[in-house]
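Notes follow the structure.
The values are calculated or read from the model by the stated rules, or taken from the named source; none is laboratory data. Predicted model, so just to flag it, every value in this text is computed and none were measured. Note that each Cβ is placed from the backbone with ideal geometry, even for glycine, and that neighbours are counted across all protein chains shown. These area figures cover heavy atoms from the full protein model, side chains too; ligands, DNA and RNA do not enter into them. Shrake-Rupley method; radii C 1.70, N 1.55, O 1.52, S 1.80 Å.
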Amino acid sequence: MSYLPIQQLLKAAPIGTTVTIKGWVRTKRESKNAVFIAINDGSTINTIQAVAEAGQLPDDTLKLITTGSCVAIRGELAESLGAGQAVEIKIDEIQIYGLADPEKYPLQPKRHSLEFLREIAHLRPRTNTFSAILRVRHALAFAVHNYFNENGFYYLNTPIITASDAEGAGEMFRVTTLDAIKPPLTEEGKVDYSQDFFGRETNLTVSGQLEGELGAMALGKIYTFGPTFRAENSNTTRHLAEFWMIEPEMAFYELEDNMNLAEDFVKTVIRYALQHCADDLAFLDNRLKEEEKTKKKEEQSELGLLEKLQFVINNEFVRITYTEAIDILLNSKPAKKGQFQYEVSWGVDLQSEHERYLVEKHFKKPVILTNYPRQIKAFYMKQNDDGQTVRAMDVLFPGIGEIIGGSQREDDLDKLVARMVEVGIDPNALWWYLDTRRFGSAPHAGFGLGFERLVLFVTGMGNIRDVIPFPRAPKSAEF
């Protein structure tokens, strides 16, 4: 049977049309006069109800149709007599593709905890919550590519396997083909990576930024959008070991240009999700409202999900320096009453509680902080003339704090080399990166946005492991 996705059917098929749907049974209900089967095919948050008169379907067939089974149904599209749906299908023919033993199928029609669903990540896309998240994730990914394409950027595929550590943090996953039990050793007793596949020590990348800069210094404007990896033992609701990063790099951009791009970009992709995922976001908004009711009043969010998204796209982002932000925080009531968990002082890396105070309490708008102390930022950020700060920028959102981090990049070779030596990075190891400063150096800038952080914000979920299909985290690589 050819078929029409339920999303299209609900929009386009006229009453009286004979249609075919294919999908998975969500519920089956029987009364004296009829059998009601709710079907979902993943194309929409909505199910469609198929109805058969009592006795129309053989008992042997009816017994096999249970929650989770996969079926094809052919019948006439009719106005629904029940509440909750406009149309239904009067069954003429039904075909069972796959069974789901109700004694073993874990997704029965009841509420399941998010913790339980993480244990069955291979099946959780069949739930309303996770199918909605994955459709929103798709829409955001499409919007990202569309935005950059329409604005003259080139999509650059940077390496997943690398010999450099872009962040200088050292928390990387090693890539090797050497024997795990008896690797070859040097005379000094160290692992001899010269015998490894690449002839040197290599790792999974933590960022495509450095290679992205190389592309920008030839093509003008590029962006990367690919998987990145951090081997940090961070078992938190905000960290993953494998996640996707969006990293644009632009030649001839300075800090102000970078901020303008970041604000326009994030507003555009969120606006796209609101326009194209209305049903899914309405469902997730209601889900979040129910979840908020279970929290203490002081822990409840002041904004609903849809209100939060509108908050971002409808407000101009406030732009202040790090120093101005510190002054605001020091003079705030939470600081004076000792209510911040982490102390505030000039030179510290701001915590989420500080960032959220600025966004949610003080300005009540998204905030872009600039000109951070050089000692708490990466080596590649352009140094200001004051010798103390760099031209960094962080975009802060309600409920999440920092969502974008970026900077104008240091284009002065001598300053860049001196900073690398200062933080313990061997300039010879990044000779190719420094060549862009040796040969035709130019002002340039860029930023990074963790894609899962964006999906987390747009869907209103509380744990980043719930916005990626198969999360990778410490002690977790099952699927």
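General observations
- Of the trypsin sites (Lys or Arg not before Pro) found in the range 311-340, those that fall in a DSSP loop while having at most 15 other beta-carbon atoms within 10 Å are Lys337.
- Loop-located trypsin sites (Lys or Arg not before Pro) in the range 2-111 (DSSP state not H, G, I, E or B) with no more than 16 neighbouring Cβ atoms inside 10 Å: Lys32, Lys104, Lys110, Arg111.
- Accessible area of the chain belonging to carbon and sulfur atoms, whole % at 1.4 Å probe: 49 percent
- Heavy-atom SASA rank of Trp346, Trp244 (probe 1.4 Å, accessible area, largest first): Trp346, Trp244
- Whole-number accessible area per residue in Å² for the chain, which is evaluated in the context of all protein chains at 1.4 Å: 50 Å²
- Per-residue SASA entry for Asp59, accessible area with 1.4 Å probe, Å² rounded to 10: 110 Å²
- Long-range HN-HN contacts of Thr228 with modeled amide H, under 5 Å: Phe243, Trp244, Met245
- Whole-number percent relative contact order across the chain, with pairs defined as alpha carbons under 8 Å at least 6 apart: 13 percent
- Hydrophobic, long helices, defined as DSSP H runs whose alpha-carbon span along the helix axis is 20 Å or greater and whose mean Kyte-Doolittle value is at least -0.5, occur in the chain at 128-150, 255-276.
- Local electrostatic count, Phe470, Cβ distance below 11 Å [Lys/Arg +1, Asp/Glu -1]: +2
- Ordered by solvent-accessible area of protein heavy atoms (1.4 Å probe), largest first, the residues Ile39, Ile15 come out as Ile15, Ile39.
- Taking a straight line from the alpha carbon of Lys182, these lysines sit under 18 Å away, with near neighbours fewer than eight places off in the same chain left out: Lys190.
- Accessible area per residue (1.4 Å probe, heavy atoms of protein chains only) ranks Ser69, Ser113 as Ser113, Ser69, with the largest value leading.
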